[in-house]
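Student: Take this structure first; my questions come after.
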Amino acid sequence: FTLTPMDDLGLGSQSQTQSLVERAGRGDPGAVQELLLAHLPRLRAFVRLRCGAALRAKESASDLVQSVCRDLLLHLDGFRWEGEAGFRAWLYTAAARKVADRAEYWGAQRRDAGREVGVSDEALLEVYRTSATPSQAASSKEALARIEAAFDALPADYREAVLLSRILDLPRAEVARRMGRSEDSVRHLLFRGLAQLSKRLDEEGPRG
């Protein structure tokens with residue numbers, strides 16, 4: 001089983017998209033896989049940022065995403081299409097659980113498996129740019145490292161607000177529900193988190 005990411009994947013016309021959604025709603029694995037393909041860059045970005053620096057050094061984000069998608073496709077009995085936001089929330093729940101499981105594993109094993117994460121830099125940057133824009137002078141790999149380091153340095157509630165609101169693009173009401181906060185509180189957390197990200201990137205400046 002392998003899902004190959006496609007940059008800027010389009011799902012075709014509105015009628016084609018509707019047909020795809022209807023098939024997915026009936027539990028058609030092929031249709032669900034097409035929808036997963038369309039969300040791979042966003043899902044990879046979410047997984048990398050949710051992992052944090054320590055887990056990124058031990059786990060391949062690409063492998064984790066593949067594992068999440070495989071698990072979802074193998075357990076479609078309860079799948080129902082509940083809109084775009086609902087689909088992203090479904091992915092978020094599965095991915096967050098996978099990351100938490102791997103973090104628990106490494107916490108128990110205390111092993112050092114330092115290996116390089118193989119992901120598409122440009123695809124990740126396109127998603128990251130919804131939250132932060134590094135200097136255009138930086139290479140893709142440098143830009144990824146700077147954004148991730150700045151994100152890792154944010155307080156936990158700021159990170160979660162940015163992840164759910166900008167990376168997963170969930171509605172504010174859904175973000176508030178998942179965080180156990182009011183929508184107004186989420187709005188403030190997101191504003192402050194994005195401001196801190198921008199400030200950290202501006203202060204650091206391009207490396208060279």
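The values are calculated or read from the model by the stated rules, or taken from the named source; none is laboratory data. Please read these numbers as outputs of a predicted model, since none were measured by experiment. No Cβ is skipped: glycine too gets one built from the backbone with ideal geometry, and neighbour counts run over all protein chains shown. The area values use the complete protein model at the heavy-atom level, side chains included, leaving out ligands, DNA and RNA. Shrake-Rupley method; radii C 1.70, N 1.55, O 1.52, S 1.80 Å.
Student: So which of A176, A145 is outside any loop (DSSP other than H, G, I, E, B) and open to solvent by 40 Å² or more (accessible area, probe 1.4 Å)?
Tutor: Only one candidate qualifies: A145.
Student: Which of the residues spanning the stretch 55-76 are in a helix (DSSP H, G or I) and under 16 Å from Y105 (Cβ atoms)?
Tutor: Once the filter is applied, which keeps residues that are in a helix (DSSP H, G or I) and under 16 Å from Y105 (Cβ atoms), the stretch 55-76 yields L55, R56, A61, D63, L64, S67, V68, D71.
Student: Look through the stretch 148-158, keep the residues that are part of a helix (DSSP H, G or I), open to solvent by 40 Å² or more (accessible area, probe 1.4 Å) and touching a residue at least 12 places away in the same chain (Cβ under 8 Å), and return whichever of them is farthest from L91 (Cα to Cα).
Tutor: A149
Student: Tell me the residue from A195, A161 that is crowded, with 17+ Cβ neighbours inside 10 Å and part of a helix (DSSP H, G or I), please.
Tutor: A161
Student: Pairs please, first residue from the stretch 94-105 and within 10 Å of R50 (Cβ to Cβ) and assigned to a helix (DSSP H, G or I), second anywhere and at pLDDT 85 or above and acidic (D, E), Cβ atoms under 8 Å, 6+ apart in sequence or on different chains.
Tutor: Close Cβ pairs (under 8 Å, with a partner that is at pLDDT 85 or above and acidic (D, E)) amount to K98/D71.
Student: Looking at (1) open to solvent by less than 70 Å² (accessible area, probe 1.4 Å); (2) modelled with pLDDT under 75, which is the only condition Q109 fails?
Tutor: The single condition Q109 does not satisfy is (1).
Student: Could we say that E22 is among the charged types (D, E, K, R) and either outside any loop (DSSP other than H, G, I, E, B) or modelled with pLDDT of 80 or more (or both) here?
Tutor: Here the answer is yes, as E22 does meet what is asked.
Student: Please find, within the stretch 44-93, the residue that is nearest to R23 (Cα to Cα) out of those that are among the small types (G, A, S) and surrounded by 17 or more Cβ atoms within 10 Å (Cβ to Cβ).
Tutor: Going through the qualifying residues, I end up with A89.
Student: Moving on to the next point. Scan L74, L91, L40, L3 and give me the residue that is aliphatic (A, V, I, L, M), at pLDDT 80 or above and farther than 23 Å from I147 by Cβ.
Tutor: Going through L74, L91, L40, L3 in turn, just one is aliphatic (A, V, I, L, M), at pLDDT 80 or above and farther than 23 Å from I147 by Cβ: L74.
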